[in-house]
Amino acid sequence: MTGVFDHPWLSGLFADDEIAALWSAEAQLSHMIAFEAAWSRHGHLAGLWSEAEGALAATAIEAVSLAPEELRDGTARDGVCVPALVRLLKARTGANAIHKGATSQDVIDTATALSLVRSLDLIDQRLDRLASDLMALEDRFGPIPLMGRTRMQAAVPITVADRVQTWRLPLAAHRERLAQLLPRVALVQIGGAAGDRAALGDGADAVCHAVAKDLGLSAPPHSWHAMRDGMAEAASLMSLITGTLGKMGQDICLMAQQGIDEIALAGGGGSSAMPHKQNPVLAEVLVTLARYNAVQLSGLHHAMLHEQERSGAAWPLEWMLLPQMVQATGRALVVATDVASQITSIGTPDLLS
């Protein structure tokens, strides 16, 4: 059984190929190999090996070709993929200037940070586009009257612009939140065995900054092995974004009800039994994705509870939940943009006549 994001037909509703590629096994493996190459290249700064040995090892690591499936058995045995990865890298390069002073969590968390940063950049671009598309709707239909509704009952007349602004204005706030979040998650993870970087001695800062620079990340003053607030904050932002888009979808579903007819949508939404219907399918997807992320968010908050310096139970929750939440968010933004493009009319022009 596959999940809805890669299901043979349900993926037609829920998949986001661009985001999925950023979190694929191939992408994660590429990020882990990049970390190991950078670690070998700069390990001499902490006296782990000579500069020449590290440079040779880094070049060899970058040339290694590995299939994600090669890490499966090792992960089942060790609970993480990195011991198997390190064994394979040493076997295929013949180098010894590999991984010493690092730990599995350094590798995996840094790979996660790289995927997350790339995803946030794409999400920011999509937020900007959707805001522009909604502004275009306001420009086109904004002055048209529309019945304001409170508690799902007719209240007083408003304008289309009033309704659409409740969809558009939070997007700017989400972009601000994203910009504030980025420095808290675009971080290399380097802590070593117990998170204190003891194996690096006086060279810890130099190694951290050099590895981070190679990977396009920042070097925090301390490892974040057991401090997962950055990952939880990222998940919270995903849920906030999809919540805003879900509100937009819910409004559109209600406006599209027969007898209300405050919006007209081009496109599909047919029924197998009732050919007269045109269901607001994409608007419904926005509601579903918002509720999905709201449910998953609890799990990411549970994942903050790392016992002592590393958890083997809380940490994997992030692997299970965060990529799916990011994909749900990316897909919701694509769907919301598609919905905006489908709107052919909105409002009730004769409301005040």
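The values are calculated or read from the model by the stated rules, or taken from the named source; none is laboratory data. Just so it is clear, the model here is predicted, and its values are computed rather than measured. Positions of Cβ are generated from backbone atoms using ideal geometry, with glycine treated the same way; all protein chains shown enter the neighbour counts. Protein only, heavy atoms only, side chains kept; ligands, DNA and RNA dropped before computing areas. Shrake-Rupley method; radii C 1.70, N 1.55, O 1.52, S 1.80 Å.
Observations on the structure shown:
- Positive-end residue, region 67-217 charge dipole about Cα centroid, Cβ charges, pick of Val207, Ala95, Met135: Met135
- Note on the chain: helix-only mean residue ellipticity at 222 nm, from DSSP H runs of 4+ residues weighted -39500 (n - 2.57) and normalised by residue number, equals -20500 deg cm²/dmol.
- With 0.36 nm allotted per residue and the present C-alpha distance subtracted, the Val295-Gln308 stretch has 2.0 nm of extension available.
- Within region 91-134: Cβ-based charge dipole about Cα centre, in debye rounded to nearest 20 (Lys, Arg +1; Asp, Glu -1): 300 debye
- Ordering 173-184, 206-217, 118-129 by mean Cβ neighbour count within 10 Å, with the highest value first, yields 206-217, 118-129, 173-184.
- Taking packing as the residue-averaged number of other Cβ atoms within 10 angstrom, the listed peptides 6-17, 79-90 run from highest to lowest as 79-90, 6-17.
- Gyration tensor verdict on region 182-226 (Cα atoms; rounded if a/c is under 1.5, prolate if a/b is larger than b/c, oblate otherwise): oblate
- Extended-chain gain in nm, criterion 0.36 nm per residue less alpha-carbon gap, Ala136 and Arg175: 12.2 nm
- Aspartates and glutamates with Cα under 12 Å of Lys100, excluding same-chain neighbours fewer than 8 positions away: Glu36
- About the Cα centre, charge dipole magnitude for region 53-211 (Lys/Arg +1, Asp/Glu -1 at Cβ), debye: 580 debye
- Whole-Å distance, taken between Cα centres, linking region 316-333 and region 202-235: 22 Å
- For region 8-92: rounded, prolate or oblate by the Cα gyration tensor [a/c cutoff 1.5]: prolate
- The residues packed around Leu137, meaning those with a beta-carbon under 14 Å from its beta-carbon, carry a net charge of -3 if Lys and Arg are +1 and Asp and Glu are -1.
- Selection from Val64, Pro83, Gly54 lying farthest towards where the dipole of region 45-153 points positive, charges on Cβ: Pro83
- Magnitude of the charge dipole, region 1-68, Cβ model with Lys/Arg +1 and Asp/Glu -1, debye to 20: 160 debye
- Amide H to amide H, with H built 1.01 Å from N, Ser218 comes under 5 Å of Leu187, Val188, counting only residues 5 or more places away or on other chains.
- A Förster radius of 35 Å, combined with the Cβ-Cβ distance separating Gln250 from Ala21, puts the computed FRET efficiency at roughly 0.70.
- Correct option for mean projected area of the Cα convex hull in nm² [calculated from the coordinates] among (i) 20.3; (ii) 29.2; (iii) 18.3: (i)
- Normalised per residue, the accessible area of the chain is 46 Å², obtained with a 1.4 Å probe and no contribution from ligands, DNA or RNA.
- Ala193 sits among other residues whose Cβ lies under 13 Å from its own Cβ, and their net charge, with Lys and Arg +1 and Asp and Glu -1, is 0.
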